[in-house]
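A.B. asks: Submitted below is the structure of interest, expressed as C-alpha cells.
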Amino acid sequence: MIPLIGYTNKLSARPGELIEVKVSSSAEEAYYASLVRVICADPNPAGPGIQTAHVESDFEGYYPSRQQVVSLGSYMRSELAGELPDCILVKSLIWPTTPEKGLQGVISCFDAETKSGFSVGIGPDGAHASCDNVRVTTEIKLEKRAWYEIIAFFDTVSGIIRISQKRLLSVGNPAAMNDSDGSAEAKLPKNKILNSGKPILVAAIEEGSSDTLFNGKIEAPMIFSGNGVTGSTSLLCSWDFSKNMTGFTVPGFGSLAGMGELIGSPTRGVIGANWNGQEMRWGHAPEQYGAIYFHDDDIADAGWKTDFSFKVPLGLRSGVYAIKLTQDKNWDMFPIFICPPLEEQTADFCVVMSTFTYVIYANQARDDFGEHWRARARNWGAFPHNPNDYPEFGLSTYNDHTDGSGISQTTWHRPILNMRVGYHVFGDDRSQSGLRHFPADTHFLAWLEAKNISYDIVTDWEVHHEGAALLSRYKAVATGTHPEYHSEESLNAYFNYRDNGGKLIYLGGNGFYWRVALHKEMDGLIEIRRAEGGLRAWASEPGEYYNSFDGEYGGTWRRNARPPQQLIGVGFTVQGHFEGTYYRRQSASYELDTAWIFEGVDDEIIGNFGLSGGGAAGYELDRVDPMLGSPLGLKILAVSENHPDHFVLPPEEWLNHVVTWSKEPPEKLIRSDMTYFDCPDGGAVFSVGSITFCGSLPTNNFDNNISRIIENVVRRFTN
C-alpha cells in the first residue's frame, strides 16, 4: 500500500463550493494537510523544478491516520420481496472470459457465515451449483468468449441439486470443435435453507469479496419456482439488462424481484447472445443488447470516507491548487482546479485544463516502466509512486482488464497517481523531464507567472456544462499540451466560441481526437469506445461502437465527421517516442499580416531545445489537411523537420501498406505545422501542433524564441 495518498470528490470548483478530501494513511501518527498554489509541477532539476506557494486555509492542520482500501469489480445486487420456495430453477446466459479463474458467481443468494442460501457460477471445472456444503459441477471446461446457457435446479424437499451447461450458436459464436455441453446431479441433504437473508447477486457470490467476481457477459438472469419438467414453473425473479441502458439500475420482473442495482459500473451497450449482426446501434435493437459485461477490476468510485472538507474561499484567486499531505518522509500533492465565480471572469485570458484527458489516462500502466523510472524519481525527489506498482487503484483506458479486454470507463473518484505534482511519465534520458498531461501543462502555467500575465482557470468539465457562454467572457482561450478527449458539448463550445469572435490558442498535439461520454447519474465517470479507426490501445468489439452512457457513436472525432482540422486547422498525423526536434520558419511568417507573431524573433530555426524531449516539435504531431477541413486562408508559419525514424503515421493515415489517405508520400506527412487563421467576427486561431511544444517555454529562464512567439500571440489576442 502507498503509505499516504488521497483524492477529492471533484477536480474543479468555484468559490463557495464544497470540496471533500479522502485520505488513506497506513501510519499510526497523524498527517498534516495544507493548501498550496501550483506554479510548476516538473521535478526535473534542470528546469524550474517543483514550485508551489503556501496558501492559508481553514482546513490546515493535523488529521488522524486511517487506512482505506479500494474494492474493485462490478456486479448487480437486488433485494428479494419475499422468501424463496423450497424448489427453484435458476437460469442465465453467460459469455465467460476467464473460465480458468477460480470460483466465479453468476447468480447467488448466499451467506458466507451461516452457509445458507445457494450460488450458481463457473470455475475451471465448468458450471457449478452450490447449496450448503454441497457443490456439483459439470466437470467440462467452458470455452472463453462463447455463449452458454446454464441451468441449475435446487430441491431441498426431495434433496436434489443439478447443474447443466449448453453452448449456444449465434453470430460470432459458431459451433465448437469440441463438445462442451454437459450436466451433473448430486444428492442434497433435505430441508436445507435456500433463503440466506442476503440479496440476490449477479456476477458475484458474496459482497466485499473480489475473488468470486465474474469476468464476462451475463444476460437474462432468472429464477423460477418448480423444476421446469412438470410445467408448474412460475417466474419469481428476472432482470432485463436491455432496459435503462444509460443508468445504474435495471428493472426486475416477477413476484419476488426488486430493482437491480449495478455496483462498480459494469459495461453496458454490449451485444447479447441473440445479436444477429444487422444492427450496430443498441438503441435501435435493445433486445439484442441484453447483456452486461462484468469485470473483477471495474471501478466507478473508490468509496473512501471523507477525512475533511472545506469550502473554497470567496476571494481565492482562480488557478491550479493542490492539497498537500505530509507525514515524515511521506508526501502527496493532488490538484484541485479553482475556477472564477459562476458567470464571472477575473482575467481576459483563460486556460482550459484538460481534465477529461487526465481522467482517461488516469493510472496508466506503461510497458516502458522499470527501475530507471524509480531511480529518476529518487534522484529528482519526484512523486515516487507509479500505477504499474499499484493496480489496486484501477488502471486507465489505455490498459486492459484482467480478462484482456480494453478498459472503456474511467473515474476521478480514486487516487490518480499520474495526476500529481512531481509525477513524470518517462524515465529515459531522451525524454528529458518526460512529462505528460497535468504536470506538462504546468510548463505553460509557470510561463504565465514568469511573464506576469493574468489568467483564469477552467476545465473541460465547465466547458461541457456551460458551453460557449463560459468561453465567450474571455478575449482569448488557450488549451494545454494534449486536449485529446472531448464530449460533443465541449467540442461544440469551442466551435461556437471561435465562430463568434473568440481567439483560440491551441498549445498541444493530438488534440480534439477522441469522443467521450459523461455518465448522467454519476459525475466524474467517463466512457470511451475505441471504435473503427484511430491509433487505439485496444479495439471495441463489432456491434459495440456506441456509447452506453449516451447512445452515440464513439471513436475518433474524425470518424464522426468532425476532424480537428475543422476547429484548429491541424490534426493528428504522427507519433514517435518522447523526443522532439524543431520548426523551420516558412515564408508566411514574414508576411505583413502575420509577422507580428514573430516580432523579436530573428531565428529561422525555432524550438531546438526544451524540457520535453529536447525540442518543441515532438512525440505527437499535427498537420494541415484541407481535405479534412483546414480552412481557406490558413497560413503555415513554421514546419517541423528532421524527425527520427521512430516517428510513424497512425492507421487512419493509411489506405493500404503503401498508399496514404491523402495520397502524399508518407515522409511528407511526418511533420508538425504551426498555423494561424482568421475566423468570423474577429475571431482567430493559432496552433502549434505538438505535444512537446510547451516544454520549450522554460528554457533560458523563459527567454527564448518559443517563449517570445507565445507572448506575442497571447498579448495580441488579449489587447
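The values are calculated or read from the model by the stated rules, or taken from the named source; none is laboratory data. The model shown is predicted, which means the values in this text are computed figures rather than measured ones. Here the Cβ is made from the backbone with ideal geometry for all residues, glycine too, and neighbour counts use every protein chain on show.
A.B. asks: Tally the residues that are in contact (Cβ under 8 Å) with a residue 24 or more places away in the chain and within 23 Å of E579 (Cα to Cα), restricting the search to region 702-719.
C.D. replies: Residues in region 702-719 being in contact (Cβ under 8 Å) with a residue 24 or more places away in the chain and within 23 Å of E579 (Cα to Cα): 8 in total.
A.B. asks: I would also like to ask the following. Exactly one condition in (1) out of contact with any Ser or Thr (no Cβ under 7 Å at 6 or more places or on another chain); (2) closer than 19 Å to L507 by Cα; (3) without any contact (Cβ under 8 Å) to a residue 60 or more places away in the chain; (4) of a type in the set (S, T, Y) is false for S640; which is it?
C.D. replies: (1)
A.B. asks: Condition first: aliphatic (A, V, I, L, M) and not in a loop (DSSP other than H, G, I, E, B). Now tell me which residues in region 147-160 satisfy that.
C.D. replies: Hits for region 147-160 are I150, I151, A152, I160.
A.B. asks: Let me ask you something else. Which of (1) surrounded by fewer than 17 Cβ atoms within 10 Å (Cβ to Cβ); (2) in contact (Cβ under 8 Å) with a residue 60 or more places away in the chain; (3) within 21 Å of D42 (Cβ to Cβ) is the odd one out, the single condition G695 does not satisfy?
C.D. replies: Of (1) surrounded by fewer than 17 Cβ atoms within 10 Å (Cβ to Cβ); (2) in contact (Cβ under 8 Å) with a residue 60 or more places away in the chain; (3) within 21 Å of D42 (Cβ to Cβ), only one is false for G695: (1).
A.B. asks: Regarding R715, is this residue modelled with pLDDT of 95 or more, of a type in the set (K, R) and under 19 Å from A478 (Cβ atoms)?
C.D. replies: yes
A.B. asks: Can you say whether E544 is part of a loop (DSSP other than H, G, I, E, B), charged (D, E, K, R) and either touching a strand residue (DSSP E or B) at 6+ places or on another chain (Cβ under 6 Å) or more than 24 Å from S630 (Cβ to Cβ) (or both), as far as the supplied structure shows?
C.D. replies: yes
A.B. asks: Go through the residues of region 252-262 one by one and say whether even a single one is crowded, with 23+ Cβ neighbours inside 10 Å, more than 30 Å from H437 (Cα to Cα) and under 28 Å from the mean Cα position of the chain (by Cα).
C.D. replies: Yes, region 252-262 contains a residue that is crowded, with 23+ Cβ neighbours inside 10 Å, more than 30 Å from H437 (Cα to Cα) and under 28 Å from the mean Cα position of the chain (by Cα).
A.B. asks: Say we look at region 62-80 and pick out the residues that are at pLDDT 95 or above and in contact with a Ser or Thr (Cβ under 7 Å, 6 or more places away or on another chain); which of these is farthest from T212 (Cα to Cα)?
C.D. replies: Ranking the candidates gives S65 first.
A.B. asks: Could you check, for region 313-334, whether at least one of its residues is buried (at least 18 other Cβ atoms within 10 Å of the Cβ), under 21 Å from G216 (Cβ atoms) and hydrophobic (A, V, I, L, M, F, W, C)?
C.D. replies: Within region 313-334, none of the residues are buried (at least 18 other Cβ atoms within 10 Å of the Cβ), under 21 Å from G216 (Cβ atoms) and hydrophobic (A, V, I, L, M, F, W, C).
A.B. asks: Can you name every residue in region 493-535 that is farther than 30 Å from F717 by Cα and either acidic (D, E) or part of a strand (DSSP E or B) (or both)?
C.D. replies: A517, L518, E521, D523, L525, I526, E527, E532 - these are the residues of region 493-535 that are farther than 30 Å from F717 by Cα and either acidic (D, E) or part of a strand (DSSP E or B) (or both).
A.B. asks: Now, a different point. Looking at I193, I223, can you tell me which residue is among the β-branched types (V, I, T), in a loop (DSSP other than H, G, I, E, B), surrounded by 15 or more Cβ atoms within 10 Å (Cβ to Cβ) and assigned by TED's automatic domain parsing to the domain that holds L89?
C.D. replies: I193
A.B. asks: Identify all residues within region 15-33 that are farther than 16 Å from G319 by Cα, in contact (Cβ under 8 Å) with a residue 40 or more places away in the chain and surrounded by fewer than 22 Cβ atoms within 10 Å (Cβ to Cβ); write none if there are none.
C.D. replies: Those that are farther than 16 Å from G319 by Cα, in contact (Cβ under 8 Å) with a residue 40 or more places away in the chain and surrounded by fewer than 22 Cβ atoms within 10 Å (Cβ to Cβ): L18, E20, V21, K22, S26, A27, E29, A30, Y32.
A.B. asks: Quick one: count up the residues across region 667-711 that are modelled with pLDDT under 95 and under 29 Å from the mean Cα position of the chain (by Cα).
C.D. replies: 0
A.B. asks: Looking only at residues in region 386-410 that are small (G, A, S) and in a loop (DSSP other than H, G, I, E, B), which one is nearest to R515 (Cα to Cα)?
C.D. replies: S408
A.B. asks: Now for a different question. Please go through region 426-443 and pick out each residue that is surrounded by fewer than 24 Cβ atoms within 10 Å (Cβ to Cβ) and either out of contact with any helix residue (DSSP H, G or I) (no Cβ under 8 Å at 6 or more places or on another chain) or not in a loop (DSSP other than H, G, I, E, B) (or both).
C.D. replies: Result: D429, R430.
A.B. asks: Can you tell me which residue among I88, I163 is assigned to a strand (DSSP E or B), more than 26 Å from T402 (Cα to Cα) and touching a Phe, Trp or Tyr at 6+ places or on another chain (Cβ under 7 Å)?
C.D. replies: I88
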